[in-house]
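S.K.: Please read through the structure below; I'll follow up with questions.
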Amino acid sequence: MEMPQRVSIRYKDTSYNTSEIRLKTFRLAFQLWEEETKPRKTELYEFISSCLKQIDRQDRFMVSLLFVELADMIRDSALERGMKEVLIKTSFREFACALTDFEDKSK
């Protein structure tokens, strides 16, 4: 599936297009490794939450695609195996929390 190119969001007074959303997501996910964080307290959670609120329903699948891409990127990296596993688990936990919270609020 292709990422929709028309998507853009505003986050902390900055505008992001699809490529910038992708880059920001990757940077925040990798930043999780350096911070020992708790779910729902990270900037990755806040950013994904913000994306979900601003992206049309039909384009929300792109957030899932970002995390599939991210997992592939982490898996292909030179990081140590244990580090890769922790990074993927933490990133997906943050994503799942943001998605669940978003869906709960919209009901």
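The values are calculated or read from the model by the stated rules, or taken from the named source; none is laboratory data. Here the structure is a predicted model, which means the values were calculated and not measured. A quick note on method: Cβ atoms are made from the backbone with ideal geometry, for glycine too, and the neighbour counts reach across all protein chains shown. To get the accessible areas, we keep the full protein, side chains included, count just its heavy atoms, and leave off ligands, DNA and RNA. Shrake-Rupley method; radii C 1.70, N 1.55, O 1.52, S 1.80 Å.
S.K.: Taking residue 79, is it open to solvent by less than 60 Å² (accessible area, probe 1.4 Å), modelled with pLDDT under 85 and not in a helix (DSSP H, G or I)?
M.R.: yes
S.K.: Any residue at all in segment 86-94 that's in contact with a Phe, Trp or Tyr (Cβ under 8 Å, 6 or more places away or on another chain) and over 17 Å from residue 28 (Cα atoms)?
M.R.: Checked against the condition, which is being in contact with a Phe, Trp or Tyr (Cβ under 8 Å, 6 or more places away or on another chain) and over 17 Å from residue 28 (Cα atoms), segment 86-94 yields no hits at all.
S.K.: Moving to a separate point now. Which one is nearest to residue 47 (Cα to Cα) among residues in segment 82-98 that are of a type in the set (Val, Ile, Thr) and surrounded by fewer than 19 Cβ atoms within 10 Å (Cβ to Cβ)?
M.R.: The extreme case among them is 88.
S.K.: Could you tell me whether residue 102 is in a helix (DSSP H, G or I), over 21 Å from residue 19 (Cα atoms) and either at pLDDT 85 or above or open to solvent by less than 70 Å² (accessible area, probe 1.4 Å) (or both)?
M.R.: Here the answer is yes, as residue 102 does meet what is asked.
S.K.: When residue 12 is evaluated against the numbered criteria (1) modelled with pLDDT under 85; (2) out of contact with any Lys or Arg (no Cβ under 7 Å at 6 or more places or on another chain), which criterion, by number, is the only one it fails?
M.R.: Checking residue 12 against (1) modelled with pLDDT under 85; (2) out of contact with any Lys or Arg (no Cβ under 7 Å at 6 or more places or on another chain), the one that fails is (1).
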